Amino acid sequence: MSDEKTLKEQRDRFVAFSFAVADLFIEVAENGKVIHASGASKALTGIDEKALLNRNWLDLFSTYEQAKLLKARDNTVPGRRIGPVLVTLNEQIGQKIASFSAIRMPKNDRFYICLGVSNEFLARIAPVVGLPGATGFADRDAYADAARDAVFDAKLWGHDVELTFFDFVNADEMSQRFGKDGWGKVEQMIGEMMAQYSFGGYSAGMVAEGRYSFVHDKSVNIDEIKQKILSIAKTAGADVDLQAKTVTGDLKTLDKKDISRALDFAINEFENKGAQLKISNLDEGYAQYIAANEAKLKEFKSIIERVSFTQFFQPVIDMKTKEATHYEILSRFESGDTQEWIRFGEDAGLAPDFDLAVCERAINHIKFKAGNTRTRFSIDISGQSIGDEEFCEKLKEQLAKQKGIAERLSLEITESANIESLSRASAFIKDLQKDGYKIGLDDFHPSAAARQYLDAIKADFIKIDGRYIRRITASAREAALVRNLVKMCQDNGTEVIAEGVEEKAQADLLAEMGVKYAQGNLYAPAGPRTDYVAK
């Protein structure tokens, strides 16, 4: 077989592999010029394949994305894939959102790019911090979510992954020596490097000050990573004391819920103990989680039985009139972190019991404490609870006893992505809507899966997750995602509430997008009384 034929077969295989996960394959020379393009170029970018040749590859992307993508290319490790991540294409193309994956091959100066219309799977796993060199570490909660997604995806696709924790024992000393900003720059460089080696390019994060972790393929050489971290620190003039701990896991023996529990335990242990955490694999983490939480499980059940939690109220504001349309009722536990308790309740399968207690408490407040007003309220119901038939029956019985309560009480479904049967949930929600209740989807993500949920569950309103709202003034991509979701909801006849609004600039941009309602500390934090006064 001739060398030319062999080369052609190799290229055909590579392009065929690329098309299996993308719509457009692009080959870029060292000078940044496109030297080959195959696929749905015209449909995706508005430019046909021939016209793409000799153009700079960055021209395809939004001006807000270009610096990030260029830095990602320059920092790419040969043989390691970037992405998939979501990117915004050039504004002249209409700010389409596309999935982006790329790779450099060893001993090759070419840069190979796969672009595709974002689908549900890619939208779920493609992170905001997915490009190497684009950002540093995710924060603790974002990393926990990313680590969970990465391990789930590894289990789905049969990959062997591990978690490695890095503990800078003398981080406080380094922070004092370099100052917060100076040490932060060192952390960012380390984060950029670790993101390149993390599974999927997005599962690296800061668990606590000086304590970092990433999910990675089992083949990654941790000693090599440790030396790279030390080299980065040394170049910056930092003399660090670094300890590492790797946690392995046989993902075949644990289901998704057990993996989630084991990960939470491992991350919490590392946050508190650093590299001295005692588990060596996720199985051990799960076993210790069960043992450690036996007493906590009893305590949570007691909280539910005694209805031992307080109610806080946060107004939802009409952005035009600045008046409160209604108040969301938020639960606050008397001891411990409320969100941790709620997550624990969901992990333990107690979300339905807790949600019934919340509903009972809300009804009592409306009838007896706010009975002489017409103030409207909303409460949260877990997506896990909606999938529980016994809960649905009990909730309908509870609400049926309350004449006229539908005029003053709305239900917000949280973590709707956890609903296992959209058709069953849709039927239950329709029953509630027939009885006059307004139903919303809380913590809603502006992803490619959004239309699926909006089409399946005819919600009266959605609340856009505050994590996206907080970034819309700093990220053109986040703004485009939110804008597209708002337009989708307008076309669907679904009201939009933006939660987590902290700054006037965010409110102004949201109003320009057509968002009518907002919630956040810009207007009023959650408090023990319903005493909001328009400013």
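Tabulated values for the structure
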{"quantity": "Number of positions in the range 505-535 that are among the basic types (Lys, Arg) and at pLDDT 95 or above", "calculated": "1"}
{"quantity": "Those residues of the range 276-301 which are surrounded by fewer than 17 Cβ atoms within 10 Å (Cβ to Cβ), farther than 22 Å from Asp160 by Cα and within 28 Å of the chain's Cα centre (by Cα), in sequence order", "calculated": "Ile290, Ala292, Lys296, Leu297"}
{"quantity": "Residue under evaluation Glu390, criteria (1) under 30 Å from Ala507 (Cα atoms); (2) touching a residue at least 12 places away in the same chain (Cβ under 8 Å); (3) surrounded by fewer than 16 Cβ atoms within 10 Å (Cβ to Cβ), criterion not met", "calculated": "(1)"}
{"quantity": "Residues (at pLDDT below 80 and buried (at least 18 other Cβ atoms within 10 Å of the Cβ)) located in the range 249-275", "calculated": "Gly249, Leu251, Leu254"}
{"quantity": "Contacts under 9 angstrom Cβ, first residue in the range 105-116 being open to solvent by 50 Å² or more (accessible area, probe 1.4 Å), partner at pLDDT 80 or above and of a type in the set (Val, Ile, Thr), 6 or more apart", "calculated": "Arg110/Val28; Arg110/Ile35"}
{"quantity": "Helices (runs of 4 or more DSSP H) wholly inside the range 429-535 that include at least 2 residues being touching a residue at least 60 places away in the same chain (Cβ under 8 Å) and closer than 30 Å to Ala67 by Cβ", "calculated": "476-492, 504-513"}
{"quantity": "Hits in the range 280-301 (condition: hydrophobic (A, V, I, L, M, F, W, C) and under 17 Å from Leu263 (Cβ atoms))", "calculated": "Leu282, Ala287, Ile290, Ala291, Ala292"}
{"quantity": "Looking only at the range 232-248, and only at residues there that are at pLDDT below 90 and either basic (Lys, Arg) or closer than 15 Å to Gln196 by Cβ (or both), the one that is least open to solvent (accessible area, probe 1.4 Å)", "calculated": "Ile232"}
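Here's the yes/no breakdown for (1) more than 23 Å from Ala406 (Cα to Cα); (2) within 23 Å of the chain's Cα centre (by Cα); (3) crowded, with 18+ Cβ neighbours inside 10 Å:
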residue: Phe428; (1), (2), (3): no, no, yes
residue: Asp442; (1), (2), (3): no, yes, yes
residue: His445; (1), (2), (3): yes, yes, yes
residue: Ala456; (1), (2), (3): no, yes, no
residue: Ala459; (1), (2), (3): no, yes, yes
residue: Val486; (1), (2), (3): yes, yes, yes
residue: Leu509; (1), (2), (3): yes, yes, yes
residue: Gly514; (1), (2), (3): yes, no, no
residue: Thr530; (1), (2), (3): no, no, yes
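Here is a yes/no grid of residues against (1) surrounded by fewer than 20 Cβ atoms within 10 Å (Cβ to Cβ); (2) over 24 Å from the mean Cα position of the chain (by Cα); (3) more than 28 Å from Lys256 (Cβ to Cβ):
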{"position": "Arg332", "(1), (2), (3)": "yes, no, yes"}
{"position": "Asp337", "(1), (2), (3)": "yes, no, no"}
{"position": "Asp347", "(1), (2), (3)": "yes, no, no"}
{"position": "Ala357", "(1), (2), (3)": "yes, yes, no"}
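The values are calculated or read from the model by the stated rules, or taken from the named source; none is laboratory data. For clarity, every value in this text was computed on a predicted model and none was experimentally measured. For neighbour counting, all protein chains shown are included, and Cβ atoms are generated from backbone atoms with ideal geometry for every residue, glycine included. These accessible areas exclude ligands, DNA and RNA; they are computed on the full protein's heavy atoms, side chains included. Shrake-Rupley method; radii C 1.70, N 1.55, O 1.52, S 1.80 Å.
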